[in-house]
1. Springs between alpha-carbon pairs under 10 angstrom, Gaussian network model over the chain: which of Val136, Val304, Val115 fluctuates most?
2. Find out how many positive minus negative residues lie around Leu191, taking Lys and Arg as positive, Asp and Glu as negative, among other residues whose Cβ is under 14 Å from that of Leu191.
3. Quantify how much of the Cα-Cα distance distribution of region 223-286 extends past 16 Å, in percent.
4. Tell me, Kirkwood radius of the chain from alpha-carbon pair distances, in Å?
5. So how do Ser16, Ser94, Ser232 line up by other beta-carbon neighbours within 10 Å, fewest first?
6. Is any helix in the chain, taking whole DSSP H runs, at least 30 angstrom long along its axis by alpha carbon and on average at least 0.0 on the Kyte-Doolittle scale, and which ones?
7. Pairs of Cα atoms under 8 Å, at least six residues apart: use those to get the relative contact order of region 168-330, whole percent.
8. Taking only C-alpha pairs under 8 Å that are 6+ residues apart, what is the relative contact order of the chain in percent?
Amino acid sequence: MQDAQAADVLLVSLGSTEGLRRADDELQDSLRRAGARVAVARPFPPERLPTLMLTDLAWARAARAAARKVLVAQRQTPARAVIYSSTTAALLWSRPGAIRFDATAAGNRPGRHGVWQRPLERRRLRQAPLLIPWSVGGLQEAPAQARAGDRALVLPVAVEPSAQAAAAEERDIAALTYAANPAKKGLARVLAAWRRVLGERGAEQGTAGAPEELLVAGASARQLEQAGLLSSSEPGVRVLGALAPREFRALLRRTRAFVCAPRREDYGIVQLEALADGCQLVTTAAPGPYQALAIARELDPRLVGEDLAGALRTALEDPLPGYAERARHALEPFRRESVDRLVAEQLLPRLLVGATPRTRPKRRGRENAPDRQ
């Protein structure tokens with residue numbers, strides 16, 4: 001953590017998922033490139049609990065404890081602004097601040113799953129001096145009273161190509177999916193679609209001469225076997241388990257089709273990364289602020305729909321030329337340069353307006369910025 005006693009911004013980073021951690025890393029780097037001094041409060045992950053109600057309570061308490069620890073250290077020179085990363089991180093706040101979120105409990109905690117979170121979330125969203133949703137869809141899930149006036153700034157998560165992607169004809173992986181939460185990610189539907197495609201195509205050979213495979217990342221073979229989703233000996237499917245970000249992105253650069261069927265999608269960082277690395281995105285529609293869905297439909301509407309097997313077969317057998325190039329163009333608003341501009345020109349001035357002045361932040365050159373890819 002940077003010197004807490006010299007911070008312009010305190011970022012309370014919940015980090016309960018890989019996507020949230022990556023989003024927070026990008027945000028703190030962008031703030032620092034804009035010249036802000038950033039302190040980060042990261043809660044210690046609580047133990048696993050049986051319900052979402054208890055899980056959210058444990059994470060909210062952990063976020064409060066982590067934030068208090070930094071705030072105590074900042075008694076002499078407190079941070080000029082606080083950003084809570086997720087509405088969960090803000091639920092039990094000690095000090096009001098801006099709230100950055102991909103989705104709300106109102107959207108992804110229906111019924112009993114969000115019985116205590118939703119009313120407290122509505123209060124926090126009304127009290128926050130600034131809302132920083134990842135997307136317009138995420139903002140629309142917030143209560144109308146919270147959205148009233150000029151209190152929101154939509155700030156996407158920065159997504160960059162990880163490296164020079166392979167040409168379409170050189171990609172040696174047929175399909176890849178991500179299943180860190182198999183039920184939410186719709187892995188059963190993905191596996192059913194792949195089995196159908198494999199049965200229709202037979203023992204098709206990939207570019208390297210080996211039979212085509214669906215690679216499953218983010219979950220272990222044991223987890224999938226225990227969930228009754230997959231046997232260890234199923235042909236045409238290879239389970240990779242949890243992967244480091246660099247390893248996962250290296251696979252994306254070699255993959256022809258990234259396939260998913262989420263039950264709900266709060267944003268979809270992985271799908272955006274797949275597009276950035278030149279994969280065709282094969283997906284069903286899903287409720288929630290699914291940011292890549294409209295892009296995927298624009299790039300090739302044949303690959304989006306309930307017939308996941310048909311879409312996957314189309315991606316493998318009849319890919320549209322220039323898909324990767326058009327995807328990179330569609331992702332321009334998500335590039336670091338675009339996000340950095342929003343942070344420097346709109347977010348930081350709004351965060352620090354009315355705050356106790358210190359030395360004015362000096363914007364750092366991009367060549368000196370940390371790179372987390």
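Coordinate-derived values only; no laboratory data. Note that this is a predicted model, so its numbers are computed, not measured. In this analysis, Cβ positions are derived from the backbone assuming ideal geometry, glycine residues included, and neighbour counts consider all displayed protein chains.
1. Result: Val115 has the largest fluctuation of those listed.
2. Spelling it out: positives minus negatives among the neighbours equals +2.
3. Taking all Cα-Cα pairs of region 223-286, the fraction more than 16 Å apart is 56 percent.
4. That comes to 21.7 Å for the chain.
5. In increasing order of surrounding Cβ atoms, one gets Ser232, Ser94, Ser16.
6. Correct list, ordered by number: 52-73.
7. Across region 168-330, relative contact order equals 24 percent.
8. 18 percent
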